[in-house]
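The values are calculated or read from the model by the stated rules, or taken from the named source; none is laboratory data. Everything numeric here is computed off the predicted structure, so don't read it as measured data. Heads up, the Cβs are rebuilt from the backbone with ideal geometry, glycines too, and the neighbour counts pull from every protein chain shown.
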Amino acid sequence: MQTLSKKTHRKNAGTLIGCIAIFLWGLLALFSKVADAFPPFQLLAMCFSIATVFMIIKWMIFKDSLTLLIKQPLSAWLIGCSGLFLYHACYFFALANAPVLEVSLIAYLWPFLIVLFSALLPGEQLYLKHILGAVVSLFGCWVLLGGADSSFNTDYLFGYLLAAACSFIWAGYSVCSRLIKSVPTDAVGLFCAVAALLGWIAHANLESFYLPNNYSQWLGVFGLGLGPLGLAFFAWDHGVKKGNIQLLGVLSYATPLISTAMLILFSDVSASGAIYFACIAIILGALIASIDWSMLFKKRISKHV
C-alpha cells in the first residue's frame, strides 16, 4: 500500500510539472507577437540556442557529465530532435500557407491525439472519461479559436496538411517519449542544440538575417527561449514520462485559453461571451477527464447505505 501511494505521489508530481509546460506555452502567442518581426527559422534557431545555453550553464553548475548524457540510444535522438524541430518547422510553414485561425484549429488536434495514442503505451489504459473530456475541451478550443467563423478554403490545402502534420508530430513525440523514459530529461538540452543547429542552417539557406532596432523584440526572443521554447520542453518531457499522460493531453487544451487570457491582459484583445463559454467548456472537459468517477459514486452509495 505504501509503495502504491509513493507511486501515485510521483505520478501526480510528474503531472504537475507537465502542467508548467502547458502554462508556458500559453505565453507563446504574447511573446511571439512581440518578436513577430523575426523570420521564422531565425526566431526558432535563436530560441533553441537560448535554451541550449541555459542548459549548458546548468550542467556546469551541477558538474553533470556531458559525455554520459550524449550516450543516449539512437531512438532517443531521433524522437527528440525530429519532434522539436519538425513540429515548429511545419507550424511556421503552415502559417505561411494558410490563415492563422484555421492552422490553429487543425494544429490543436494534438492534445486529443495524445489521449488516443496513449492507449497504445504499455501499462496505460484509455478510459471513456478521457475521451469525453478531450472532446468537450476540443469543442471549447474550437469555440475559442473562432468556431463557425472559420472558413476552410481548398486554396490553402497545403497549409492545412502542414498543420495536421504538426498535430501528429507533437502527439507522436509526446507519446513516444514515454517509450524512452529511461533517458534523462537533461538530454532535451542536447535535442534543443540540434534543433538550433538545424534552424540556423535553414535560416542561412532560406531567409535574410534580421537585426531589430529596439529592446522589446530582444526581450520577446529571450522570453520565448527561456519559457515556451525552452523550459517548457524540459517540463513536458518530465510530465509525459512520469505523469498522467492522458490527463496532460486533456489539460493541454488550456494552452489557447491561457494564451487568450494573456493577450486580453497585456494587449488590445478584448474579452467576449464566446471566450467565457470556451473557458467553461475547457475546464469542464479537464474535470471530466481528471475526476475518479468510480470512487465518487462509491462514496455517494456508501453514504446512502
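Annotation: of all residues in the stretch 25-59 being part of a helix (DSSP H, G or I) and of a type in the set (Phe, Trp, Tyr), the one that is farthest from Phe93 (Cα to Cα) is Trp59.
Kindly check whether there is at least one residue in the stretch 158-170 that is within 20 Å of Phe31 (Cβ to Cβ), in contact with an Asp or Glu (Cβ under 9 Å, 6 or more places away or on another chain) and surrounded by 17 or more Cβ atoms within 10 Å (Cβ to Cβ). Give the derivation first.
Just the residues of the stretch 158-170 that are within 20 Å of Phe31 (Cβ to Cβ), to begin with: 166, 170.
With the extra rule that they be in contact with an Asp or Glu (Cβ under 9 Å, 6 or more places away or on another chain), the set shrinks to none.
Looking through the stretch 158-170, none of the residues is within 20 Å of Phe31 (Cβ to Cβ), in contact with an Asp or Glu (Cβ under 9 Å, 6 or more places away or on another chain) and surrounded by 17 or more Cβ atoms within 10 Å (Cβ to Cβ).
Could you tell me which numbered condition Ile22 fails, if it satisfies all but one of (1) in contact with a Gly (Cβ under 8 Å, 6 or more places away or on another chain); (2) over 20 Å from Phe93 (Cβ atoms); (3) at pLDDT 90 or above? Against the list (1) in contact with a Gly (Cβ under 8 Å, 6 or more places away or on another chain); (2) over 20 Å from Phe93 (Cβ atoms); (3) at pLDDT 90 or above, Ile22 comes up short only on (1).
A single entry from Ala148, Ala193, Ala187, Ala119 fulfils the requirement of being at pLDDT below 90 and within 25 Å of Ser75 (Cβ to Cβ): Ala119. May I ask you to list the residues in the stretch 65-98 that are crowded, with 16+ Cβ neighbours inside 10 Å, closer than 16 Å to Pro184 by Cβ and over 20 Å from the mean Cα position of the chain (by Cα)? Correct list: Leu69, Gln72. Restricting the search to the stretch 211-247, which residues are in contact with a helix residue (DSSP H, G or I) (Cβ under 8 Å, 6 or more places away or on another chain) and in a loop (DSSP other than H, G, I, E, B)? Answer for the stretch 211-247, where residues must be in contact with a helix residue (DSSP H, G or I) (Cβ under 8 Å, 6 or more places away or on another chain) and in a loop (DSSP other than H, G, I, E, B): Pro212, Gly243, Asn244.
Residue by residue, here is whether (1) part of a loop (DSSP other than H, G, I, E, B); (2) aromatic (Phe, Trp, Tyr); (3) over 11 Å from Leu162 (Cβ atoms) holds:
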{"position": "Gln72", "(1), (2), (3)": "yes, no, yes"}
{"position": "Ser75", "(1), (2), (3)": "no, no, yes"}
{"position": "Leu78", "(1), (2), (3)": "no, no, yes"}
{"position": "Cys81", "(1), (2), (3)": "no, no, yes"}
{"position": "Phe85", "(1), (2), (3)": "no, yes, yes"}
{"position": "Cys90", "(1), (2), (3)": "no, no, no"}
{"position": "Ala94", "(1), (2), (3)": "no, no, no"}
{"position": "Leu105", "(1), (2), (3)": "no, no, yes"}
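Counting just the residues of the stretch 232-271 that are buried (at least 22 other Cβ atoms within 10 Å of the Cβ) and among the β-branched types (Val, Ile, Thr), which one comes out modelled with the highest pLDDT? The selected residue is Val240.
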